[in-house]
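To start, the structure itself, in structure tokens.
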Amino acid sequence: MVVFRQEMVEERMGCCWSQTKDQFDNLEKHTQWGIEFVERYTKFVKERSEIELSYAKQIRNLSKKYQPKKNSKEEEENNKYSACRAFLSTLNELNDCAGQHEVIAENLTSQIISELTRYIQELKAERKSHFHDGRKAQQHIENSWKQLESSKRRFERDCKEADRAQQYFEKMDSDINVTKADVEKRCSHKARQQAQARHQMAADSKTEYASYLQKFNQEQNDHYHTLIPHIFQKIQEMEEKRIERMGESMKTFAEVDRQVLPIVGKCLDGMTKAAESIEPKHDSSQVVESYKSGFEPPGDVEFEDYSQAMKRTASECSLSNSRAEGKPDKPTGKSKGKLWPFMKKSKLSLKLGAGSEDFSHLPPEQRRKKLQAKVDDINKDLEKEMDKKDAILKMKDVYVKNPHMGDPGSVDPRLAETGQNIEKLQLEAQKFQGWLAEVEGKMPVKSEPPQRQSVLYETQSSVPSSNNCAQDRESSPDGSYTEEQSSEAQIKVPNAEYDDEFDDEETLPTIGTCKAIYPFEGNNEGTISVMEGELLYVIEEDKGDGWTRVRRNEEEEGYVPTSYVDVFLDTNGKGAMTYI
């Protein structure tokens, strides 16, 4: 009966162990997959963070690439226009957006990647502990089962030996054919004792077996109803915690982006606001303000009657009847104009963009702006030097009152240097202020278009030719003015050196004609005065500096503003070109 029950127990235990072992194997595979899944998700977030950093870097480089250079003239000029300021604001807002992508990468790293990396290590350790406990419990129940099996086999063996000893005793005791010698050798008493000993061993084995069986049943009950369920429960909680942690990480993944959306939205609002701040009319007015020349526009063009023949005039600078009819003098051969050496010098300075100190190479309005800016810069430097001087004087006063703090004479060199700088800046300021006052006083005032003066041609012919060549105050070709000491400093007859140089030059050929659309005084060296409606020969067209070189007769030629004349080129198939 006992043996039969034990066989049933053995069969049931073999089945349970097989199932438990299978469950542990399955759980081990599943939990390992769970850890690998967390590692895979961590790698995904890490790559996303790297993408954010790379994108932020590219955005920053793009913004930096199109940023204007700091403290540059280009930046100063561009800041005048609302469109440029709006673009600069857009670049700054874009740079802020790049910063938000860096924040995303930083938060992903700190809130997800670092946390999951640490959690994976904890998860691996916890998983190892649970499966270690499970394997240990399984090993213990297996060892207990082996002990039970061993006691059972020993009990079975002792029972069989007791049976054999009992059978032998009974045989010896009942056999009548046994000889006396056999009886003496194998007495029944000894056989009985041996049989009893075997029965006692069998009884002890039975007791031991029963004890092991009871112990095993208790351990088996604990194993399947307490230990293993507890371990499985811990593994299940570990898995649920892992899944919950994954859900929290995925939620954080979305919240990291959501947190920066308001700031990104503000950046986009800033871009929109910058775009809405663009003022086309203001920008166009800035262009007008920057490039207006200050010249008055020419008057209406009169009708030219080409039915009358044009005749040369005999005089050089006065206006004759033939010039009034509209025919320019045609030069012949070489000429020795007195103004040529000075005209060459003036033209050279214009072509090289000499950028003279008084900015006389610029149109009146541009010259006024440059002079005003120069005066402002000098005043700022002068103010700095004055403040520096005041500081040095205060230091010297402190030294005088407290000799132990320093020698008052030690600051005298610095004080003298500062005084020289102040004096130099004051002279510079006076010089540029004089030029500024001069150009502001000489700039043409806007008025009605000049009236035609063709009827004055005859009355103007009595003006001496010297008045057309030099004045007490000479103006630059662009209408600006420079001081001259006296009429003695005006243009005189060139010396032999200039004569020799001039004799070696060929007279420039005419390339067309031009008609003055309003009068130009031409008081500066290198220029020539013209009357409204006067016809002249063009010997050098405008090279982009705003001046055209013309010739009246063999000895009179110079530069006039291109905007003051209508130019008609008759060479190289250029046809007629009008400069306004």
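The values are calculated or read from the model by the stated rules, or taken from the named source; none is laboratory data. Being a predicted model, the structure only gives us computed values, none of them experimental. Quick reminder, even Gly has a Cβ in these numbers, built from the backbone with ideal geometry, and neighbours come from all protein chains shown. For the accessible areas, the whole protein counts, side chains as well, though only heavy atoms, and no ligand, DNA or RNA atoms are used. Shrake-Rupley method; radii C 1.70, N 1.55, O 1.52, S 1.80 Å.
Considering only residues that are open to solvent by 30 Å² or more (accessible area, probe 1.4 Å) and either touching a residue at least 24 places away in the same chain (Cβ under 8 Å) or not in a helix (DSSP H, G or I) (or both), which ones fall in the range 107-144? Answer for the range 107-144, where residues must be open to solvent by 30 Å² or more (accessible area, probe 1.4 Å) and either touching a residue at least 24 places away in the same chain (Cβ under 8 Å) or not in a helix (DSSP H, G or I) (or both): 109, 111, 115, 117, 124, 126, 127, 133, 135, 140, 142.
Scanning the range 58-96 for residues that are among the hydrophobic types (A, V, I, L, M, F, W, C) and within 15 Å of residue 274 (Cα to Cα) returns 83, 84, 86, 87, 88, 91, 94. Restricted to the range 88-106, and to residues there that are polar (S, T, N, Q) and under 18 Å from residue 54 (Cα atoms), the residue that is least open to solvent (accessible area, probe 1.4 Å) is 100.
Close contacts from the range 224-246, counting a first residue that is under 16 Å from residue 33 (Cα atoms) and at pLDDT 90 or above and a second that is among the polar types (S, T, N, Q) and surrounded by 16 or more Cβ atoms within 10 Å (Cβ to Cβ), with Cβ to Cβ under 8 Å and a gap of 6+ residues or different chains, come to 235/31; 238/31; 239/31.
Residue pairs whose Cβ atoms lie under 7 Å apart, sitting 6 or more positions apart in sequence or on different chains, and linking a residue in the range 248-272 that is acidic (Asp, Glu) to a partner that is in a helix (DSSP H, G or I), are 257/104. Residue count for the range 536-545, restricted to those that are surrounded by fewer than 22 Cβ atoms within 10 Å (Cβ to Cβ) and either touching a His at 6+ places or on another chain (Cβ under 9 Å) or more than 11 Å from residue 559 (Cα to Cα) (or both): 4. Which residues, taken from the range 204-245, are among the polar types (S, T, N, Q), crowded, with 17+ Cβ neighbours inside 10 Å and more than 14 Å from residue 138 (Cβ to Cβ)? 205 - this is the single residue of the range 204-245 that is among the polar types (S, T, N, Q), crowded, with 17+ Cβ neighbours inside 10 Å and more than 14 Å from residue 138 (Cβ to Cβ). Within the range 38-87, the set of residues being charged (D, E, K, R), closer than 30 Å to residue 121 by Cα and open to solvent by less than 100 Å² (accessible area, probe 1.4 Å) comprises 39, 47, 48, 52.
Let's see how each residue does on (1) modelled with pLDDT under 75; (2) open to solvent by 90 Å² or more (accessible area, probe 1.4 Å); (3) of a type in the set (Ser, Thr, Tyr):
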{"site": "277", "(1), (2), (3)": "no, no, yes"}
{"site": "283", "(1), (2), (3)": "no, no, no"}
{"site": "286", "(1), (2), (3)": "no, no, no"}
{"site": "295", "(1), (2), (3)": "yes, no, no"}
{"site": "303", "(1), (2), (3)": "no, yes, no"}
{"site": "310", "(1), (2), (3)": "yes, no, no"}
{"site": "316", "(1), (2), (3)": "yes, no, no"}
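Of everything in the range 484-509 that is in contact with a strand residue (DSSP E or B) (Cβ under 9 Å, 6 or more places away or on another chain) and open to solvent by 50 Å² or more (accessible area, probe 1.4 Å), the residue that is modelled with the highest pLDDT is 509.
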